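First up is the structure itself, then whatever we jot down about it.
The values are calculated or read from the model by the stated rules, or taken from the named source; none is laboratory data. Please read these numbers as outputs of a predicted model, since none were measured by experiment. Every residue, glycine among them, receives a Cβ derived from its backbone with ideal geometry; neighbour counts consider all protein chains shown. Surface accessibility is based on the protein's heavy atoms, side chains included, excluding ligands, DNA and RNA. Shrake-Rupley method; radii C 1.70, N 1.55, O 1.52, S 1.80 Å.
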Amino acid sequence: MEKNKKFFYGWWIVFGCVLITSTIVPVVMSLSNKFLIPVTKEMGISRSAFSMISTILQALGIFLSPIVAKKIATGDIRKIMSISVIGFSLAYASYSFAQNVFHLYISAFVVGIFYFSSTIIPVSIIITNWFVKQRGFAMSLAMTGIGVGGFIFSPIVTYLLETYGWRISYRIMALIVFVIAFPVVTFLLRKKPEDMGLKAYGADENISTSKKSPAKSSVDLTVKESSGKPFFFLMLIGMFVCGFINAAALGQFPPAIQELHGPIVQAAIISLYSLIGCFGKIIIGWLNDKFGIMASTIFGCVTFALIFIFMLMGSNITMIYVMAIFFGLGMGIGNVSPPLIVAEMFGGNKYGEAYGIANSAVQIGLATGSLAVAFMYDKFGSYTNAWILLFVLTVVTLIAWIASVKMSKKYVRN
């Protein structure tokens, strides 16, 4: 980093990444099912049919993620992201022209293609390139945009739906995404500091200290060798179930809360747990650094499990607000805990390969969780059985992750 620079440009990069994650990610994840009730009523389709939109999009990530990551790592990231933001905005707006559920599925497929090449993958690569020192802090700041966007846009989407209907709402949100994200990727973001004659933040310090700091011990096996071991299998079970319960909660809480207490309360609850989620992610990271992976995993899974208990008592509006607090505190297990767990077992040069496999398991869970719960609602006429199942599965996640970490210690080199 240049000594004569009072403000490192990398922090502008972080700000730009926050704008990206706060616009594109929420409209696909936390806010997508705010459209569920109006769309299903007008089209006369089931909730599980509507939830297939999320399933199609998340399933694409299983196959597209490694392709997109390789293309972005070697190509012109600003060109790729600019085209992707344009494509995403147009594809998202195309939901509004759907005449039947199959039109929605086609739009979801196209949205998914541009989504994965404009959000989390490029943001992660950019932050990694720009930061050596405080990389974790920079990454966590970039990802808090997901919660900030959910907090800001939840009441906006509610207002748009009530005032203009779901078709116009899709178009307006697509326009908002484009107006904010396109200038950021075109004029603000840079792939790496060398493009501006700079060095990564803390790069010089890293050179002088790396020889003094021994690498953290990790599993003394290749990823291929580990794949046949019980601890690796348990890790993947935890990853899959984690994705499943997160997709189920984010996808089905909005319609469930709206049915119980109306759209105004629903919007307030989404905003509340989205905002608290920003701090929840930081808390999980702090617990991991201060007390270790076991403490952060237990905290995240226990707080997450409690949200389904409170949802069972959801007819009481106070319980809904308590749920939102715990949901915010625990939602970091969806995107903070998985990389921390993989790093605990596969530090160093094996991390990328191991996390790629782990993330595929998470994506499978994300692709099926909301759909499965919507199917249960259609079958039983309520969410009661689903909340009980998700509570049990959260406990399964906790047990699988703790067991996998403990069992992996057997293969750690001395």
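Under 5 Å from the amide H of Phe8 lies no amide H of any residue 5 or more positions distant or on a separate chain, with H modelled from the backbone and absent for Pro and chain starts. For the chain, the solvent-accessible area works out to 43 Å² per residue, with a probe of 1.4 Å and every protein chain left in place. With a threshold of 27 Å on the Cα-Cα distance, the over-threshold entries among Lys192/Lys410; Lys41/Lys281; Lys290/Lys406; Lys290/Lys409; Lys70/Lys410 are Lys192/Lys410; Lys41/Lys281; Lys70/Lys410.
Result for the chain in a Gaussian network model with C-alpha springs under 10 Å: among Ile341, Ile67, Ile333, the largest mean-square fluctuation is at Ile67.
Rounded to the nearest whole Hz, the Karplus-based 3J(HN,Hα) values (6.51 cos²θ - 1.76 cosθ + 1.60, θ = phi - 60°) of region 175-185 follow the sequence 5, 4, 4, 5, 4, 8, 6, 4, x, 5, 6, with x at glycine and proline. Accessible surface comparison of His103, His261, probe 1.4 Å, protein chains only, largest first: the order is His103, His261. Protein heavy-atom surface of region 1-97, 1.4 angstrom probe: 68% of the accessible area is carbon and sulfur, with nucleic acids and ligands not counted. When peptides 42-49, 167-174, 82-89 are sorted by average Cβ neighbour count within 10 Å, with the highest value leading, the order is 82-89, 167-174, 42-49. The 3J(HN,Hα) values that the Karplus relation (6.51, -1.76, 1.60; θ = phi - 60°) gives for region 154-168 are, in residue order, 4, x, 5, 5, 4, 4, 4, 4, 6, 8, 10, x, 6, 5, 5 Hz. Gly and Pro appear as x.
In this structure the amide hydrogen of Phe131, modeled in the peptide plane, comes within under 5 Å of the amide hydrogens of Tyr201, none closer than 5 places in sequence on its chain. For the chain, set up a GNM with springs between Cα atoms under 10 Å and report which of Gly381, Gly145, Gly285 has the largest fluctuation. Fluctuation is largest for Gly381. Counting only protein heavy atoms and using a 1.4 Å probe, the accessible area of Ile80 comes to about 40 Å². Only protein atoms count toward the accessible area here, which uses a 1.4 Å probe; on region 283-372, the carbon and sulfur part of that area reaches 70 percent. With θ taken as phi - 60° and the Karplus curve 6.51 cos²θ - 1.76 cosθ + 1.60 applied, the whole-hertz 3J(HN,Hα) list for region 364-377 is 4, x, 5, 6, 10, x, 5, 4, 4, 5, 4, 5, 5, 5 Hz, x standing for glycine and proline. In the context of the full protein assembly, Ser227 retains an accessible surface of approximately 70 Å², using a probe radius of 1.4 Å and ignoring ligands and nucleic acids.
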